[in-house]
Amino acid sequence: MAPATQAVSVVLPQRVDLTRRLTANGSIFAWQEIVIAPEVGGYQVAAVNVEIGDRVKRGQELARLTADLLESQVEVERAAVAQARALLVNAQASLQRGESVATSGALSKADLDTLRANAATAQAAVSSADANYSAAALRLKLTHVLAPDDGVISARSVNIGQVVQAGSEIMRLLRKGRVEWRAEVPEGDLQKVKPGQKVTLTSVTGQPLSGTVRSVAPTVQTTNRTGLVYVDVASSSDARPGMFARGDISVGTAQALMVPLAAVLVQDGYSYVFVLRADSTVERRRVTTGSIVLGQIEISSGLDPTEKIVASGVAFLSDTQKVNVQPAP
């Protein structure tokens, strides 16, 4: 017994310019996180001027070490400079007197050489004292721990009264307050991703974020066969390092053949459409599908653009069944 005639509406596939998107998962990371450490050590912390989350400017004082000992050292070196300069003046004066009487033979050449050596030694002593004073002044200046750039304090591990050593971490600075999304893209799709492409991210909170591809890693991770794509996230967003996010990378625009989503029947893992024949029967046709956009699905192979297909109710149709074509609603 032939299947009953079913009333259906039909549509023609539409060619549209479709933005190709590549979906990937990844996490938010700090773009650059700077370790803040004092350059002089063995001194107590006298002041801590920032807390975690504070925004700071380049050159802003973040912490200060006790400076009493170093201030005393600066005064000692300043006195040493004054003493060395006085000895230089005396040595130069002795040399001038010696040179003025040397022509008359009142001073031997050996004595004149000694005076010249004394003057040179005094000049070297002044240079050494100046260098020691500059070093002491620099150490005193370094008791003020300054921000190397604009940013946000992301960690703090120091308290007032704590003795810190040179090079030991006391804070971390999220440089420029800037973060990035590191997407794990399958190795087969890496060639599609280029710097400058736009990215739409969705965090676990559902908040949409925008970004731009900055670079693509030149290597592939052997553990999961993916490559990292580095995406600059808009600085105005609330993205925080450590957050998970799913993203769609716009990898280009191309024409696509689109049909209503309701026109595609999925069975046993395959996709089918019903093509209208000239005798008002339908042919069940296996097709390959692609992107889904606003209730439309892409047919990438298996269908000719000039062929009409059943628009809905395909679950109730069978191959070669006769249909009654009704005007589309």
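Any read-out appearing in this document is the output of simple, stated calculations on the displayed coordinates, not a laboratory observation. On a predicted model such as this, the values are computed, not experimentally measured, just so you know. Backbone-built Cβ (ideal geometry, glycine too); neighbour counts: all protein chains shown.
For the reader, a short list of remarks on this structure follows.
- Selected from ALA147, GLN123, GLY302, residue furthest toward positive end of dipole (the chain; charges at beta carbon): GLY302
- Close amide H partners of LEU18, meaning residues 5 or more places away or on another chain with modelled amide H under 5 Å apart, are ALA254, GLN255, ALA256.
- The label point for THR103 and the one for GLN123, both projected 7 Å from the Cα toward the Cβ, are 2.2 nm apart.
- Residue exposure sequence - PHE274, PHE244 - by fewest surrounding Cβ within 10 Å: PHE244, PHE274
- Integer Hz, Karplus 6.51/-1.76/1.60 couplings in order for the range 9-17, x for Gly and Pro: 10, 10, 9, 9, x, 10, 8, 9, 7
- Crossing angle, helix 109-141 versus the chain [Cα axis fit, 0-90 degrees, rounded to tens]: 40 degrees
- Sites GLN14 and SER210 - FRET efficiency at Förster radius 41 Å, r taken between beta-carbons, to 0.05: 0.90
- The range 199-216 versus the range 137-193: alpha-carbon centroid distance in Å: 23 Å
- Rounded to the nearest 20 debye, dipole of the range 164-290 from Cβ charges on Lys, Arg, Asp, Glu: 260 debye
- Two-site FRET efficiency, SER291 against LYS322, from Cβ-Cβ distance with R₀ of 41 Å, rounded to 0.05: 0.80
- For peptides 246-255, 103-112, sequence by mean Cβ density within 10 Å, most packed first: 246-255, 103-112
- Contact order normalised by residue count of the chain, Cα under 8 Å, 6+ apart, percent: 29 percent
- Sites ASP68 and ALA47, calculated FRET efficiency, Cβ-Cβ separation with R0 22 Å, nearest 0.05: 0.95
- With Cα atoms, 0 to 90° folded angle of helix 68-102 axis to the chain main axis: 50 degrees
- Residue-averaged [θ]222 nm for the chain, counting only DSSP H segments that reach four residues, each worth -39500 (n - 2.57): -7500 deg cm²/dmol
- Phi angles of the range 164-169 translate, via the Karplus equation with coefficients 6.51, -1.76, 1.60 and θ = phi - 60°, into HN-Hα couplings of 10, 10, 4, x, 7, 5 Hz per residue; Gly and Pro are given as x.
- Within the range 193-230, trypsin sites (Lys or Arg not before Pro) in DSSP loop having at most 16 other beta-carbon neighbours inside 10 Å: ARG225
- Those GluC sites (Glu not before Pro) in the range 1-70 that DSSP places in a loop and that have at most 10 other beta carbons within 10 Å: GLU51
- Compared with the direct C-alpha span, the chain from VAL220 to ARG182 gains 12.3 nm at full extension, assuming 0.36 nm per residue.
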